[in-house]
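Here's the structure we're looking at; comments come further down.
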Amino acid sequence: MIEFIEKEPQRDDSPFTGGCNMYPTYMVKDGKEYFMFNRRDPDDKWRLEQNEARKKQLLENGGKFFRFHGFYDDPFTMLAEVIERQHHFTEPSEMYYASLEESGFVDFHGNRKEVSAAFFYRIYDPEMAAKIRRTADLINEGRWDDPELVNIKAQYKPETAQF
């Protein structure tokens, strides 16, 4: 079972946020808390809707991941399209942030060189995070014919590119 909780707010009076309360929002899965994001109050309606969409995505995939932004909901569909078009990442050495051991999640984010398509996923599942890292490493090495990349491309068949 997955549920979502908010913790006590902290005041943020930085000039970037314009003064707001930040509510740390967590996913609780199997009795363990996983940080998701900070909900701002006040905030724009569209941002609150994005937060709800992230929660919905976690419920739909068993708490494995959610998308902060990017064209594709699923990171493997995005990776399949990268493989299909033999694209590259702009900063391969900076694609991962945090660690599952320390924070309970890995952020997989970056931008694609050829189409300037930014992406950002928060991954909570260790197997998924490892598979994403292996796939991205093979892409970064340009090993387009590697069986793992061929399998990702076949399994996730990206829709016609919209870029």
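Summary of values
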{"item": "Residue check for F71: modelled with pLDDT under 95 and of a type outside the set (S, T, Y)", "result": "yes"}
{"item": "Residue list for segment 48-105, filter: free of Cβ contacts under 8 Å to residues at least 40 places away in the same chain, among the charged types (D, E, K, R) and out of contact with any helix residue (DSSP H, G or I) (no Cβ under 9 Å at 6 or more places or on another chain)", "result": "E49, E52, R54, K56, E60, E91, E94, E101, E102"}
{"item": "Helices (runs of 4 or more DSSP H) wholly inside segment 45-108 that include at least 1 residues being outside the structural domain of P126 (by TED's automatic domain parsing)", "result": "45-60"}
{"item": "Filter result for V115 (of a type in the set (V, I, T) and farther than 30 Å from D12 by Cα)", "result": "yes"}
{"item": "Top-ranked residue of segment 111-128 - restricted to ones that are modelled with pLDDT of 95 or more and crowded, with 19+ Cβ neighbours inside 10 Å, ranked as nearest to F71 (Cα to Cα)", "result": "F119"}
{"item": "Scope segment 15-41; condition over 21 Å from the mean Cα position of the chain (by Cα) and either assigned by TED's automatic domain parsing to the domain that holds Y97 or surrounded by 10 or more Cβ atoms within 10 Å (Cβ to Cβ) (or both); matching residues", "result": "T17, G18, G19, C20, N21, D41"}
{"item": "Residue list for segment 129-154, filter: surrounded by 14 or more Cβ atoms within 10 Å (Cβ to Cβ), aliphatic (A, V, I, L, M) and within 24 Å of G63 (Cα to Cα)", "result": "A129, I132, A136, I152"}
{"item": "Any hit, segment 94-106, residues being buried (at least 16 other Cβ atoms within 10 Å of the Cβ) and touching a Ser or Thr at 6+ places or on another chain (Cβ under 9 Å)", "result": "yes"}
{"item": "Subset of segment 5-14 that is acidic (D, E) and under 23 Å from L58 (Cα atoms) - its residue that is surrounded by the fewest Cβ atoms within 10 Å (Cβ to Cβ)", "result": "E8"}
{"item": "Residues within segment 11-44 that are in a loop (DSSP other than H, G, I, E, B), of a type in the set (S, T, Y) and within 23 Å of I123 (Cβ to Cβ), tallied", "result": "0"}
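The values are calculated or read from the model by the stated rules, or taken from the named source; none is laboratory data. As the structure is a prediction and not an experimental result, all values here were calculated from the model. Cβ atoms come from the backbone with ideal geometry, glycine included; neighbour counts cover every protein chain shown.
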